[in-house]
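Read through the structure below, which is laid out as structure tokens, and then see the notes.
Throughout, read-outs are computed from the coordinates displayed, never taken from laboratory work. None of the values given here were measured: they were computed from a predicted structure. As a convention, Cβ positions derive from the backbone with ideal geometry for all residues, glycine included, and neighbour counts pool all protein chains shown.
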Amino acid sequence: QEKTDFRIAWSIYVGWMPWGYLEESGIMDKWAEKYGITVEIVQINDYVESINQYTAGAFDGVSATNMDTLSIPAGGGVDTTALIIGDYSDGNDAVILKGEGTLEDLAGKPVNLVELSVSHYLLARALDSVGLAERDLASVINTSDADMIAAYATPDVEAVVTWNPLVAEILEQPGATKLFDSSDIPGEIIDLLVVNTDTLEANPDFGKALVGAWYEVMGLMAANDEAALTAMAEASGTDLAGYKAQLASTAMFYEPGAAVNFAEDEALKETMVNVAEFLFDKGILGEGAPSADFVGVQYPHGATTGDANNVKFRFNTEYMLMAADGGL
Amino acid sequence: MALRWINRRPSRPLSVFLALIPFVLVITAYTLASDARRAVNPADKLLPAPAQIAATADRLLTEPDRRSGRILFWVDTAASLQRIAMGVVIAAALALGFGLLIGLAPTAQAALAPFVATLSLVPPLALLPILFIVFGLGEVSKVALIAIGITPFLIRDLAARTAELPREQIVKAQTLGASSFVVGLRVALPQIMPRLIGAVRLALGPAWLFLIASEAIASENGLGYRIFLVRRFLAMDVILVYVIWITLLAFLLDLLLRQLSRRLYPWAEAGL
Amino acid sequence: MALRWINRRPSRPLSVFLALIPFVLVITAYTLASDARRAVNPADKLLPAPAQIAATADRLLTEPDRRSGRILFWVDTAASLQRIAMGVVIAAALALGFGLLIGLAPTAQAALAPFVATLSLVPPLALLPILFIVFGLGEVSKVALIAIGITPFLIRDLAARTAELPREQIVKAQTLGASSFVVGLRVALPQIMPRLIGAVRLALGPAWLFLIASEAIASENGLGYRIFLVRRFLAMDVILVYVIWITLLAFLLDLLLRQLSRRLYPWAEAGL
Amino acid sequence: MSFVTVQNLFQSYGTRPILERINLTVEEGEFVSIVGASGCGKSTFLRLLLAQEQPSRGAISIDGAPPAQEPDRDRGVVFQRYSVFPHMTVRDNIIAATALNRPFGALWGAARLKARAEALEVLDRIGLAHVAGQYPASLSGGMQQRLAIAQALAAKPKILLLDEPFGALDPGTRLTMHDFLCELRDETNMTIFMVTHDLPEGFKLGDRVLVFDKPRWDPTDPEAYGATITYDFDARDGGIPYQRLVEETHVPLTL
Amino acid sequence: MSFVTVQNLFQSYGTRPILERINLTVEEGEFVSIVGASGCGKSTFLRLLLAQEQPSRGAISIDGAPPAQEPDRDRGVVFQRYSVFPHMTVRDNIIAATALNRPFGALWGAARLKARAEALEVLDRIGLAHVAGQYPASLSGGMQQRLAIAQALAAKPKILLLDEPFGALDPGTRLTMHDFLCELRDETNMTIFMVTHDLPEGFKLGDRVLVFDKPRWDPTDPEAYGATITYDFDARDGGIPYQRLVEETHVPLTL
Ligand SMILES: Nc1ncnc2c1ncn2[C@@H]1O[C@H](COP(=O)(O)OP(=O)(O)OP(=O)(O)O)[C@@H](O)[C@H]1O
Ligand SMILES: Nc1ncnc2c1ncn2[C@@H]1O[C@H](COP(=O)(O)OP(=O)(O)OP(=O)(O)O)[C@@H](O)[C@H]1O
Ligand SMILES: [Mg+2]
Ligand SMILES: [Mg+2]
């Protein structure tokens, strides 16, 4: 159904800081005005809550990873489109051991992480790479990201999997060893802006405004605009240097064309199949999902993986192409 | 002339019927809201249909977990009950000791009452990082959070009740030769035991809160853990089953304590 | 013969001295622990030195935020106090209405008491996702969590107090021609007002818990939000300043309510 | 026809009978004292007169009106305790006798000023004018009961019910209260029922003294029967009792 | 030397004097009734005898011992209420008189059996054997006070202090309790101090009746002076008072 007022939610993470800047700087309003709509950008502390709210219909779009999009909105029957591929994690997520050691040493140890999050996925991939599995660990202990640093400081904790800026903070502690990070599986942890497919179809202007505004800020970032970067740094609770360090482990798609190429790459299909299998294995791919193929994912040019009759997650490059062509 | 409504007493069957009304209303409202949402998106997760909640409950209560082979529902329940029981028992023991001391000994009252009053105002949730360092990240810290959360309240309540014991009884005990210790042990302690149970019943609400909060932060099992974990994929059917179960458990615990008090301290009831 | 310790009363100055002891002990223990940790790791963040806490407090209380130009400490305080005040006022108003109704009218008691008792056992934290959907993510949901969290307790307390009013007074009012409504308005309401204040004082502890929990999930400011935010960086100096401040605020609120009760309801004190 | 008529009244709680076969007629202006052992049902009888409870059988009628279903302004009452409102000042307690009868339980404008003036007059007459602005808790027990009686009378009831009104007072205050009550009675010629534990008090104040007791008695089950009026003394002649046996007392049960 | 000696006793709370210049000697076995207006300090005097409070001036000595600092087994006491332990059965309340004196407040083995047997004997004598296993709350007020007195006597105190022991009982029960107390007295020849509001009771039971009152009186400040013993009646001859004026009462203050 057509409408003119839209709300999207975002939470603090290095690759999503531009959303805060978009709202603050007025760039979003400018683009919304251009298309005769309004877009409210709301920051939410709790990442999972922001996706839940989107899934429940309180928002028209949300910043999320590919994995969480598949499990929560898509798995929950909300047809969702990845409108913008912002970046992929290239070291922002890491497996960290207290003391010296290698991945093999994780066997028999407890690992603290946010269960069922991308950290969990990273751990699974890391263990996989050395022929281990989760059952070889002593245990996986669900630990709130807010308390990860405090948890790491206790003697009980031997290894953690987490993301930036927590990774940077923990690695500063004496004796912390990074065993594995997302640069070892490049392109598998993807940060997106996803929107409701029906809303987007009924209101293409909504997509155009978002994409147009986003790539204006990408331009500023690519040009190393001090003011924009400093604002983002402060909003994420660090300083310019700290934020730049985090950006260094993030593969940002400053150019819409690069994001389109990434979406069209066959590797994306493989990643999504991996992710679906991981989610199915954890039993979180929707209620009564009979197999990992239960939810269908559609790629540019109509290719799908999973159940083609139950497509709930679509990678849509249309709008990013418009941005690349200067058509916005 | 119609009776004033303060004088109108419903009959026994009418009372039962009236008591059911609000429950039926809530369930109906939920069902309607759920139907409305599922008419839009049949896979809606937020307000699952009552039938689906029942199916989920059945699955949770009977199907063993694929990985561990155990039924997680009971594992969670056992873990949480153990934590809450330990936390409450520790808090009750501390409160009994300090409450008696503060209530009976003016010197202890002067030394401890202001401190306990201050402690009771500190928000324990905010001090979690320090708790982690002191008590580790395991069971101890969860039990400690519950105990720390409710002990100041229990101490204050029991101290007040001890101080309220009729002065006459304390004097009488002294004229029968009782030392301070014996007054505490034989006169005050047994008389505040029923009150301790009453105070624990009041404190169980906050105790559940602290349990859920601590399990949400670092845990491998427990009712609070599961609720916050499945929040990750908005499995409201699971959450609702757990919420209903927690409510039921809270009710049963309360009932148990009430019966216990009746059994153990018949003289306390008879006096009312 | 030395006096029994239950008969030994400390002098006024000794009382003050005794009251200070536990505070001094805790501060000393903290300082020692902090020194020990910083001897190992000078950059230790977990237990900052008291001097550093003071410096942080100074900074938080005086330096405006660079982005907004406002002093966040006061922004947070104002936001949180407003939320807690609104939540408590709404809860108190609901509790007053339902408490009076349940306490006075046997029919309302039959219809509502079991439902309220059940509600008071439901853990509101577990229902957060539903609350956010129903009330949105703005101020309303935070106020609602506080109100939902404490209203059942308040209703039960006030209903019990209303039912405890001497039957004689209710009868007397009727012989003076009072309708049910007038009995509620002129006899019961004024007499449970001081009790309402007392119950609110008890409920403030849980109210803070709910405030902190809700601010942690969706907020842009507030004391709980700030604590949650800096917890990620283990900025214990900031957390401790906020914890001390919350404790102080809780104390001041409690004092305020107590004084208010004294002022407004002198007859209630005189009777004790 | 007489002013108060009680016809064949029975009251039981659950299966336990408390009062049995009570018949009584009282003329307007009579002062009826009621005595009897503790727990025999004196207060229960007063509650029935008050229409706070409904009898299991029988009926009470006042001034020819049909039996009341609940307390109303026809019936004034003073209990041993809790008879005044602790949250109202002494003056407001008197005003309440008028105000509580209004839709919102309060008076406005001229009615209010009038009620205040009248209340002060009443307080003056009962010697409480100097504490008009104080709360009842700061008054002695005797002053509180005086206030309670004045409050009940201010509503101009048809009958006044007193349940051990002086039971909690010390002997000296009690005597002062007797004088106070006698004065008020002379003024108003009110019909009064007073329950008391103190026989001399009952005879001193009452025109009639009713004794409640169990006329039938089952030694194996003392609670099998209820109490009724076993004696009805005429106490008018300065308190010298004229005895009239109504029913034989403590007759052993013949099975 | 006399058994109880009270020498020039003063007591004030804050700056407010309650008792003044009290001198008294009591022989062993005497029964002293104490009467006086409400609030005049009778209970305060009893608390001083009990050593629950220390006097502002003066001293109390019993059987030649130095003044006590706190209550002990030399002083038995029965209050109007709360004198028995509600959480102990009737039997345990009697046993407590022995047990509470032990380090842990309990008896074991042979001592315990002996105490139980003795307690049952006591209960038999006071007519409470049939409720030995019940809690006090299920007893009538009279039975509770009987138990309280027996409990106090079971500790074999040198003096027994009674503060309006029958104040909460109804007249009938009161009379029974008088007989009970007289019997016990004949058996034990105990030295007893009893505060009462009921003058006839004081004269009936006591060998002496002390009246507490304020001998000096400042009309502008009724609380300026404390009370003392204004009359000391000899009440031995079957209760016919032999009056002995100790101090002039209500003398207007000469400034
Ligand atoms: N609402 C009630 N339900 C059941 N039993 C009751 C109720 N009210 C009174 N009783 C019982 O009825 C009996 C008579 O009670 P009532 O209060 O009328 O006695 P009373 O003569 O006024 O005694 P007292 O002199 O002690 O005031 C008592 O045994 C009491 O326990
Ligand atoms: N601990 C105390 N602190 C201050 N004042 C007290 C204290 N105890 C008693 N009083 C006051 O001392 C006076 C005497 O009290 P006390 O209890 O001895 O009187 P009483 O003669 O026993 O009266 P009653 O007959 O009412 O029992 C009273 O005015 C009382 O208010
Ligand atoms: Mg009665
Ligand atoms: Mg006294």
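Odds and ends about this structure:
- Amide H contacts of D:Ser56 (H built 1.01 Å from N, under 5 Å, at least 5 apart or other chain): D:Phe10, D:Gln11, D:Ser12
- Gyration tensor (alpha-carbon) shape descriptor, chain A, a/c threshold 1.5: oblate
- For chain B, the relative contact order works out to 23 percent when only alpha carbon pairs closer than 8 Å and six or more residues apart are counted.
- Distances between placed amide hydrogens fall under 5 Å for E:Ala227 paired with E:Leu19, E:Glu20, all partners being 5 or more residues away or on another chain.
- The separation of region A:77-155 from region E:48-71, counted between C-alpha centres, amounts to 76 Å.
- Dipole orientation for the protein assembly as shown: of the candidates C:Pro42, A:Met221, B:Ala19, B:Ala19 has the Cα lying most toward the positive pole (charges on Cβ; Lys, Arg +1; Asp, Glu -1).
- Estimated FRET transfer efficiency when R0 is 22 angstrom, pair B:Val16-C:Ala160 (beta carbons, to 0.05): 0.55
- Close amide H contacts of D:Gln80 (hydrogens built in the peptide plane, cut-off under 5 Å, sequence separation of 5 or more or a different chain): D:Asp163.
- Across region B:215-221, coupling constants 3J(HN,Hα) worked out from phi with the 6.51/-1.76/1.60 Karplus curve, θ = phi - 60°, read 6, 6, 8, 7, 6, 10, 7 Hz, and Gly and Pro carry x.
- Extreme residue, positive dipole direction of the protein assembly as shown, given options B:Ile192, A:Leu103, D:Asn189 (C-beta unit charges): D:Asn189
- Charged-residue dipole, Cβ positions (Lys, Arg, Asp, Glu), region D:142-213 about Cα centre, Debye nearest 20: 260
- Estimated distance in nm for a label pair at A:Thr304 and C:Asn41, the labels positioned 7 Å out from Cα along Cα-to-Cβ: 5.1
- Loop-located GluC sites (Glu not before Pro) across region C:115-221 with a Cβ neighbour count of 16 or fewer within 10 Å are C:Glu220, with loop assigned by DSSP.
- Spin-label pair E:Arg21/B:Leu61, simplified geometry with 7 Å Cα→Cβ offset, distance in nm: 8.5
- Site-free segments of chain E were taken between chymotrypsin sites (Phe, Trp or Tyr not before Pro) in DSSP loops having at most 15 other Cβ atoms within 10 Å, sites themselves excluded; the longest one is E:109-255.
- Degrees between helix C:72-104 axis and first principal axis of chain C (Cα, 0 to 90, nearest 10): 20
- Cα-based helix-to-principal-axis angle, C:50-62 vs chain C, degrees rounded to 10: 70
- For region D:160-229, the set of GluC sites (Glu not before Pro) satisfying both a DSSP loop assignment and a count of at most 14 other C-beta atoms within 10 Å is given as D:Glu223.
- Inter-part distance where region B:165-232 and region A:187-228 are each reduced to a Cα centre, Å: 55
- Surrounding net charge for E:Pro171, when Lys and Arg each add one and Asp and Glu each subtract one, Cβ distance under 11 Å: -3
- Rounded to the nearest 20 debye, the dipole size of region A:7-88 about its Cα centre is 140 debye, using +1 on the Cβ of Lys and Arg and -1 on the Cβ of Asp and Glu.
- Residue-wise HN-Hα coupling along region A:118-127, computed from phi with Karplus coefficients 6.51, -1.76, 1.60 (Hz; x: Gly, Pro): 4, 4, 4, 5, 4, 4, 4, 5, 5, 5
- Shown here for region A:165-247: GluC sites (Glu not before Pro) in loop regions (DSSP other than H, G, I, E, B) with at most 10 other Cβ atoms within 10 Å, namely A:Glu172.
- Whole-Hz couplings from phi, Karplus 6.51/-1.76/1.60, listed for region A:223-230; x for Gly and Pro: 7, 6, 5, 4, 4, 5, 5, 5
- Evaluated with a Cβ-only charge set (Lys, Arg +1; Asp, Glu -1), the protein assembly as shown carries a dipole of roughly 4380 debye about its Cα centre, given to the nearest 20.
- Shape parameters for chain D, alpha-carbon atoms, Rg then Dmax in Å: 19.3, 69
- Span from the region E:1-40 Cα centroid across to the region C:7-63 one, whole angstrom: 53
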